[in-house]
Amino acid sequence: MTTTSVERRTVLLGLLGRRIVQIPVVLLVVSILTFWLLQVVPGNPGRNALGQYATVAQVRAWNHTNGLDGSLVGRYLHWIGGFFAGDWGQSLVYSTAVKELVIGRLGNSLLLGLYAFVIMVPVAIALGSAQAYREGRRSDRAITVGLLSLSAVPEFVVGVVLLLVFAVWLRVVPVQSAADASGDFLDRLRVMTLPAVVLALGYLAVLTRMVRSGTSEAITSQFHRTAVLKGLSPAAVVRRHVIRNALVPTLSVLGIYLGTLLGGSVIVETLFGYPGLGALLVTAAERKDVLLLEGGVMITGAVSLLALLLTDICFVLMDPRIRFDARESR
Amino acid sequence: MTATIPGSAAPAVDSLQADASEAAPGGSRFRSLLRRPSFIVSVLIVVWWVVAAIGWHLVGLQPYAKTGELLASPTWAHPFGTDNLGRDMFARVVAGAGPALLIGPFGALLATIIGGALGLVAGYYRGVVDTLMMRFFDVLLALPSLIFLVVLVGAFGIGPGALILIVGILFAPGIARIIRAATLVEMGKSYVTAAKLQGERDVRILFRELLPNVLPNLVIQATLSLAAAVFITASLSFLGLGSQPPSADWGLAINENRVYLQTAWWTVVFPAVGVASLVVAANLIADNIREVSR
């Protein structure tokens, strides 16, 4: 672990350069795929939007202004051109601009996702490292089994049970979490706590597992034994030798989950009536709101890819041994 | 499990099971499965739901008719209470096994077939096909899976056939990756070289030589994706993107009845127990198979 900061910066810049090319390409493929898949949908969007009393000419004009006539390729180019220019079209269901709608909901989802993340990470680290230090004992097994069965149960079941306990019996939180911006910050936080906890619980098992295996690897290694034998205090051993090595494998999982959490968690948002991006996309799919769905998918894709990039950067900063060429050529 | 691994049976046979050493590796593995209580209980739960799904109308249950008071709490006549339309919750929970078990198994089967075939082909031919396929899967896996699912629902709709196809498409890439990795390992072994030198046709090598050797992997993936498929279809019904009223589907029931959570918890809790028991049991079966086939 003797890489100089110059070398590290080269790795970081190389990584950034590669990702700056990669992310738009992936997003472009996602956009083409989504567009193509959604155009398979039978039905005339203009007719759906205007209702059965509109004339044929009106429907045709509506389709034209929304870029929904002409060939598939032409329509795609029209849409993607508008997308980059900041015009994401009109939502059929909500009759407002897709962009404002998606960005607004994204903000709510990000807030909820971050809250869940803040709950999840310390708990996972505490549980996982506690397990590693008592590996093989009954408490270790019990935590593993408990968390795994929790993650096997669908989120809406866990959510219902928690709602029953905390909202119906104890009455500490409301049943509906339709947090509007008018409430003050603490009020909002109270409303969001239960959804965030449910969200966090679903991912806790795998994350704890990663922390456990990372920590257990670190504390059975030679360098750990050396550190203990040379008389470092336990706190110093943990701080200087265990934490870094234990958290590196955890980061890769964290990156994937961060993307999922931030991109809106469809189930939790629907269950608690939370106005997030995931719930919006479900409505869009249900009502065949093509433009809204496309805009939302692009944003979700972008957020997850950026979260992965963030993880990669943390990787380089935390573990100088990592060379990204090795990871790319799996 | 009936799969035997001709070349690599040794690691699978547990040295503790001396009494089973006479049997084929597949047989002894099956017997060690039967000694696991969690496996037996899980199988019993799944069998119970399968029986319920097929047999509920034979025993005179009425999940769609008003048979009692509205939102009546559990009594002897209605052990799980009644819902907002006076329908017996017990009958609805039992009948709800039908939709839960309709999409998942067929979707998982489709995913296993598509994923297995693609993985074998990618691992066998490598080169451009392999690279293109894997990069394409990377793109698919970059999207959160429920978002991908929502797009597919938007495209194909929510009929049972469409949902089976959607589950198949959703799980195939993951299976293909694992089978490709397993195929790459097998490709390094001498029996593949021997088969090639003998001039066997590609199709024969793929399906007669390689497939039997990656089959244990495929079986594990199939059971794991079965559990995940049941999970996903329940989630979709909960979102209103699966079964439609008046279906007795569990996910749908939880969504419909959650407004009554404060006054009639039984309308939500019993369907929830239904989903949870089926999903956890399917997961435990997959875990047990994976553990004994190590």
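Derivation of every value follows stated rules applied to the coordinates shown; laboratory data play no part. None of the values given here were measured: they were computed from a predicted structure. In this analysis, Cβ positions are derived from the backbone assuming ideal geometry, glycine residues included, and neighbour counts consider all displayed protein chains.
From the helices alone, meaning DSSP H stretches of at least four residues, give me the mean residue ellipticity at 222 nm for chain B, per-run term -39500 (n - 2.57), in deg cm²/dmol to the nearest 500. Display every interim value, and only then the final one.
On the way: 11 runs with 192 residues, N = 294.
Roughly -22000 deg cm²/dmol at 222 nm, from the helical runs in chain B.
Just to confirm a number: summing +1 for Lys and Arg and -1 for Asp and Glu over residues other than A:Leu13 whose beta-carbon lies under 12 angstrom from that of A:Leu13, what do you get?
On the way: positive: A:Arg8, A:Arg9, A:Arg18, A:Arg19; negative: A:Glu7.
After counting each charged neighbour, the total is +3.
Can you list the DSSP H helices in chain B whose Cα atoms extend at least 15 Å along the helix axis and whose mean Kyte-Doolittle hydropathy is 1.6 or higher? Show your work: numbers first, answer last.
On the way: long enough: B:37-55 (26 Å, 2.29); B:97-125 (42 Å, 1.54); B:127-142 (23 Å, 1.41); B:145-156 (16 Å, 2.89); B:160-187 (38 Å, 1.67); B:211-238 (39 Å, 1.48); B:266-292 (39 Å, 1.29).
Correct list, ordered by number: B:37-55, B:145-156, B:160-187.
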Quick calc, A:Ala61 & A:Arg9: beta-carbon distance into FRET formula, R0 45 Å, rounding 0.05, result 0.20
Simple spin-label estimate for A:Ala54 and A:Arg141 in nanometres, 7 Å along Cα-Cβ | 6.5
Partner shielding of A:156-167, taken as the mean number of other chain Cβ atoms within 10 Å, equals 5
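Quick one: which of A:24-37, B:77-90, B:190-203 comes out on top by average Cβ neighbours within 10 Å, and what's the full order, highest first? List each step's numbers first, then the result.
Values: A:24-37: 17.3, B:77-90: 19.9, B:190-203: 11.3.
Ranking the peptides A:24-37, B:77-90, B:190-203 by packing returns B:77-90, A:24-37, B:190-203.
I'd like the FRET efficiency for B:Val259 and B:Leu132, computed as 1/(1 + (r/R0)^6) with the beta carbon distance as r and R0 of 60 Å, rounded to 0.05.
With a Förster radius of 60 Å, E is 0.80.
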Mind telling me which of A:Leu277, A:Leu251, A:Leu13 comes out most flexible in a GNM of chain A, alpha-carbon contacts under 10 Å?
-> A:Leu13
For each of A:Ile299, A:Ile20, A:Ile313, B:Ile147, count neighbouring Cβ atoms within 10 Å of the residue's Cβ, then give the residues from fewest to most.
-> A:Ile20, A:Ile313, A:Ile299, B:Ile147
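Partner chain Cβ atoms within 10 Å, averaged over the residues of A:22-28 - can you pull that number for me?
Details: counts 1, 1, 0, 2, 5, 2, 1.
Counting Cβ atoms of other protein chains within 10 Å of each residue's Cβ and averaging gives 2.
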Dipole of chain A [Lys/Arg +1, Asp/Glu -1 at C-beta], most positive-end residue of A:Met318, A:Val228, A:Ala279 = A:Val228
Hey, rough spin-label estimate for A:Tyr133 and A:Val165, points 7 angstrom out along Cα→Cβ, what's it come to in nanometres?
-> 2.5
Report, to the nearest 10°, how far helix A:5-39 tilts away from the longest principal axis of the Cα atoms in chain A, using its own Cα long axis and a range of 0 to 90°.
-> 30
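Order of A:52-58, A:286-292 by packing, highest average Cβ count within 10 Å first? Could you put the intermediate results ahead of the total?
Working: A:52-58: 9.4, A:286-292: 22.0.
Descending mean neighbour count gives A:286-292, A:52-58.
Mind ranking A:185-191, B:223-229 by how tightly packed they are, going by the mean number of other C-beta atoms within 10 angstrom, highest first? Don't jump to the answer; show the numbers that get you there.
Details: A:185-191: 13.4, B:223-229: 24.1.
Put in order of decreasing packing, that is B:223-229, A:185-191.
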FRET efficiency for A:Ile80 and A:Arg190, Cβ-Cβ distance as r, R0 = 45 Å, nearest 0.05?
-> 0.60
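Mind putting a number on the dipole of the range B:168-252 about its Cα centre? Charges go on the C-beta only, +1 for Lys and Arg and -1 for Asp and Glu, and I need it in Debye to the nearest 20.
Details: 7 positive and 5 negative charges, 63 e Å.
Value, rounded to 20: 300 debye.
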According to a simple spin-label model (label point 7 Å from Cα along Cα-to-Cβ), what is the distance in nm between A:Val118 and B:Gln244?
-> 4.3
Of B:Ala108, B:Ala155, B:Ala97, which has the largest mean-square fluctuation in a 10 Å C-alpha GNM of chain B?
-> B:Ala155
Mean other chain Cβ within 10 Å across B:282-291 is 1
Most fluctuating residue given options A:Thr144, A:Thr250, A:Thr226, as computed from a GNM of chain A linking Cα atoms under 10 Å | A:Thr226
